[in-house]
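This report refers to the structure that appears directly beneath it.
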Amino acid sequence: MGRINTIVFDLDGTLLNTLDDIADSMNYALEECGYPKREKSEIRKFIGGGASVLVASAVPEGLSASEVDACKNIFLRHYVKNANNKTDLYDGIRPLIHRLAADGYPMGVVSSKGDGPVKELIHSYFGEDMAVAIGERPDIRKKPAPDAVLKAIEILQSETEQAVYVGDSEVDVETAKNAGIPCIIVTWGFRDREDLVKLNPDYIVDTAEELYDVIKKH
């Protein structure tokens with residue numbers, strides 16, 4: 001990697017453990033539609049590609065597009081109101097972000113989650129330390145397209161040669177590749193370490209302290 005002075009983070013599974021709230025809303029929607037609920041361990045593997053991918057993976061096979069959309073709409077309505085019931089920061093994330101901000105790194109978040117919940121969660125947990133928060137919205141192609149990451153880098157007044165993307169899934173590795181920037185993958189999120197190794201990211205880190213060290217060395 002080249003010299004890093006700008007950091008763009010994924011949200012779910014990277015900064016925040018949102019699994020319980022996502023699982024609760026997903027199972028609420030499934031129940032409302034008369035479909036079997038899913039185990040939290042299953043839903044964990046479905047997260048990463050946005051609500052459409054999550055719902056399509058969670059509902060029974062063989063449904064029509066309109067049936068899947070109806071379930072997705074129930075999920076989204078419920079989640080918007082319940083996105084921060086059980087969600088919390090992963091260990092070491094708050095001091096990590098404070099340290100990076102104090103060191104002068106411009107930082108932002110790009111997520112496959114809806115733009116509204118992303119902005120609310122980032123403001124709630126990180127305040128002014130995160131200058132940019134971009135979620136899924138109709139005017140920007142969602143990950144793994146690079147558009148949102150490139151937009152964040154632009155808003156942060158940086159260049160791709162100086163930026164890194166930090167995430168926890170195969171979608172994040174592909175997004176960083178498409179944006180032409182290096183990727184650091186964390187192991188505390190929604191994928192198992194052995195699966196992450198196979199993705200061959202630029203770095204894999206197991207703790208927030210290790211993530212800080214990798215960034216500071218570059």
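Residues in segment 147-176 that are open to solvent by 30 Å² or more (accessible area, probe 1.4 Å) and over 18 Å from residue 205 (Cα atoms): how many?
Going through segment 147-176, the residues open to solvent by 30 Å² or more (accessible area, probe 1.4 Å) turn out to be 147, 150-151, 154-155, 157, 159-162, 170, 174.
When the remaining residues are screened for being over 18 Å from residue 205 (Cα atoms), the result is 147, 150-151, 154-155, 157, 159-162.
Looking only at that region, the number is 10.
Please specify each residue of segment 35-78 satisfying the condition of being part of a loop (DSSP other than H, G, I, E, B), farther than 24 Å from residue 143 by Cβ and of a type outside the set (A, V, I, L, M).
Residues of segment 35-78 that are part of a loop (DSSP other than H, G, I, E, B), as a first pass: 35-39, 47-50, 59-64.
Of the ones still in play, those that are also farther than 24 Å from residue 143 by Cβ are 35-37, 39, 60-64.
Those that are part of a loop (DSSP other than H, G, I, E, B), farther than 24 Å from residue 143 by Cβ and of a type outside the set (A, V, I, L, M): 35, 36, 37, 39, 60, 61, 62, 64.
Quick one: would you say residue 119 is open to solvent by 20 Å² or more (accessible area, probe 1.4 Å), under 19 Å from residue 82 (Cα atoms) and either among the small types (Gly, Ala, Ser) or assigned to a helix (DSSP H, G or I) (or both)? Break it down stepwise before answering.
Numbers: open to solvent by 20 Å² or more (accessible area, probe 1.4 Å): yes; under 19 Å from residue 82 (Cα atoms): yes; either among the small types (Gly, Ala, Ser) or assigned to a helix (DSSP H, G or I) (or both): yes.
The answer is yes for residue 119.
Limited to segment 15-37, what total is found for residues that are over 23 Å from the mean Cα position of the chain (by Cα), of a type in the set (D, E, K, R) and either surrounded by 16 or more Cβ atoms within 10 Å (Cβ to Cβ) or farther than 23 Å from residue 112 by Cα (or both)?
2
Residue 12 fails exactly one of the following numbered conditions: (1) in contact with a helix residue (DSSP H, G or I) (Cβ under 7 Å, 6 or more places away or on another chain); (2) surrounded by 20 or more Cβ atoms within 10 Å (Cβ to Cβ). What is the number of that condition?
Evaluating residue 12 over (1) in contact with a helix residue (DSSP H, G or I) (Cβ under 7 Å, 6 or more places away or on another chain); (2) surrounded by 20 or more Cβ atoms within 10 Å (Cβ to Cβ) leaves (1) as the failure.
What residue, of 143, 113, is part of a loop (DSSP other than H, G, I, E, B) and either closer than 18 Å to residue 55 by Cα or among the β-branched types (Val, Ile, Thr) (or both)?
Details: 113 fails: part of a loop (DSSP other than H, G, I, E, B).
Every option except 143 fails the conditions.
The values are calculated or read from the model by the stated rules, or taken from the named source; none is laboratory data. What you see is a predicted model; the values in this text were computed from it and never measured. Every residue, glycine as well, gets a Cβ built from its backbone with ideal geometry; the counts of neighbours run over all protein chains shown. These area figures cover heavy atoms from the full protein model, side chains too; ligands, DNA and RNA do not enter into them. Shrake-Rupley method; radii C 1.70, N 1.55, O 1.52, S 1.80 Å.
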